[in-house]
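Only one structure is covered here, and it is reproduced in the block below.
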Amino acid sequence: MVRFQRKFEEAEIAYNFEDVILLPRLSKVEPREIDLKTKFSSNIPINIPLVSSPMDTVTEAEMAIALARRGGIGVIHRNCSTDEELEIVKAVKRSESFIIKEVITTNKEAKVGEAAEIMKKYKISGLPVVENNKLVGIITGRDVRFADPSIKVGEAMTKDVVVAEPNITPEEAIELMKKHKVEKLPVIDRERRLVGLITYKDVALRGEYKEATRDKEGRLRVAAAISPFDIDRAKLLSKYADALVIDVAHFHNEDVIEATKKIVKEVEVDVVIGNLGTREGVLDSISKIDRVAGLRVGMGSGSACITTEVTRAGAPTLFAVSQAADALEEIGVRIPIIADGGIRNPGDVALAIAFGASCAMLGYVFASCKESPSPMTIINGRYFKLHRGMGSQSARQKRMALDRYATFSKEIPEGTEIWVPYRGEVASVIGEFVSGIKAAMGYAGASNIVELQENGKVAKVISRKDKLIATQNVEQIK
Ligand code: XMP
């Protein structure tokens, strides 16, 4: 009797965002002087603490590009085939890279109509024409627009191509393109083999987004979600993505940990694990896996989650963050913690950081933006976008991410579908979040993320139910 009653008495408090408030402290900085630089994973610095969820209503190329341009990072969802996910990752890496390495090409024998289809599919405006890997021409949107689609590319292409050498600088490339009034510069080696492509748009845009999250070669960074049980997908994606995110609802599971161990051995990029929710889960995972580069934490708090309603199991995001932070402190390990699920406002991000997170992952908020891949609808004259849990019935119908959930619960939905009010371009939503997080940090007296993690103070908020009891008590006393 006592033993079981103790379970309740000794239970920890599984608090979340609505249960605490960030306390104001002496501030020495103005919000505009506040630095939001942080980390997504051990080797991936980001300039703002915002990450997008790997959900099929949230993150594909358009979202990942927009977010990386503004200093965050997107995690591509895995509810698609390996080839589709790879294409999305490549599209992000291709955008804005100075020299595109993965060039999409055509050949002289192809039909102009086929070249036009390729351009449409990949949303690009020109294709180098190659023969035995050597550059023989270029065909652009302008060429295909006015040509008969049934003629051969060889007849419609420009043969006299302006080219660049591999060691060209961005400034030289811009000058060359301006001089010849061209928007694309194929890059060739001494044998005229095509080794890359420079586009005017990409070079010009590089100067525009100074805060962008870029890799060493200047390309936008992107992460990709994977199943721990699909080592082939992991190996393939790791050649292009900057990080892999093991994407399961419950990471603290022996089979998942064993499978992740193998993946970590096979890939060189950062591997983020999750979702985790308890101190034990974090300690167990870290002790068994060689190279963990980040922890995605929070279980059952997502806007489209019904895991906790269905199973009565979960770890509210803020509680999960503090559990993970304490576990890391206990063993003296410093790896970024990503707070995931239920984040609606900038203050939620600030609170997560005050409890030890390095950044926050947002699904609902980003699903509501123009760049999310979800459909838009009008309800009573107002615009809405669809947001669905990856464990929802409709997401499961695609059957590509079923193993996110435990085998025995495959047929029970753990997610739902919701319509979220449309908020416009993600750039303005990010702008609001950045201002809001800085304002919160201003109140908390923190001039950077580490200061907020170390010194942020919080107070408990009495929940409405408790408030009611408290008021009744006051009335009784009266
Ligand atoms: P928000 O609240 O930002 O949360 O939309 C996004 C996070 O929710 C998780 N997720 C799910 N959780 N059932 C769940 O219990 C689901 O079907 C589901 N789909 C996504 C995921 O961690 C995501 O980042």
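Values quoted throughout were computed directly from the atomic coordinates according to the rules given, and no laboratory measurement underlies them. In this text, all values refer to a predicted model and were calculated from it rather than measured experimentally. Here the Cβ is made from the backbone with ideal geometry for all residues, glycine too, and neighbour counts use every protein chain on show.
Partners of Lys134 within straight-line reach, counting aspartates and glutamates whose Cα lies under 17 Å from its Cα and excluding those fewer than 8 residues away in the same chain: Glu102, Glu109, Asp160, Glu165, Asp189, Glu191. Working from label points 7 Å from Cα in the Cα-to-Cβ sense, the Glu309 to Asp290 distance is 4.4 nm.
Over segment 112-207, the reciprocal of the mean inverse Cα-Cα separation, the Kirkwood hydrodynamic radius, stands at 13.9 Å. At q = 0.13, 0.27 Å⁻¹, what log₁₀ I(q)/I(0) does a Debye calculation on the Cα points of segment 265-321 give, no solvent, two decimals? Results for segment 265-321 at q = 0.13, 0.27 Å⁻¹ read -0.38, -1.04. Around the Cα centre of the chain, unit charges on the Cβ atoms of Lys, Arg, Asp and Glu (plus for the first two, minus for the last two) sum to a dipole of about 740 debye.
For the pair Lys457 and Glu84, the difference between a 0.36 nm per residue extended length and the Cα-Cα distance amounts to 129.8 nm. To test your reading of the geometry: what angle, between 0 and 90 degrees and rounded to tens, separates the Cα axis of helix 317-331 from the longest principal axis of the chain? Taking Cα atoms only, the helix is inclined about 90 degrees. Measuring between alpha carbons in the structure, the pairs from Lys101/Lys159; Lys90/Lys398; Lys370/Lys457; Lys216/Lys239; Lys121/Lys210 lying more than 24 angstrom apart are Lys370/Lys457; Lys121/Lys210.
Annotation: amide H of Leu50 within the under-5 Å range of Ile73, Ala360, sequence separation 5 or more or interchain, hydrogens built in the peptide plane. Less than 9 Å Cβ to Cβ from Tyr200, Lys/Arg counted +1 and Asp/Glu -1: what total charge do the surrounding residues give? Taking every other residue near Tyr200 into account, the sum is +1. Taking a sphere under 11 Å around the Cβ of Gly72 and counting the other residues whose Cβ falls inside, with K and R at +1 and D and E at -1, yields a net charge of +2. Within the straight-line cut-off of under 21 Å between alpha carbons, the lysines reachable from Lys288 are Lys235, Lys261, Lys262, Lys265, sequence neighbours fewer than 8 places apart in one chain being disregarded. For the pair segment 427-459 / segment 94-141, the C-alpha centres are spaced 45 Å from each other. Simple rule: put +1 on each Lys or Arg Cβ and -1 on each Asp or Glu Cβ in the chain, find the dipole, and look at Val75, Val365, Ser301; the Cα lying farthest toward the positive end is Val365.
Per-residue Cβ neighbour counts within 10 Å put Met55, Met63, Met157, Met177 in the sequence Met177, Met157, Met63, Met55, beginning with the fewest. Relative to the longest principal axis of the Cα atoms of the chain, helix 112-122 runs at roughly 20 degrees. Across the chain, the convex hull enclosing all Cα atoms gives 201 Å³ per residue.
Computed from Cα atoms, the angle from the helix 426-444 axis to the main principal axis of the chain rounds to 40 degrees.
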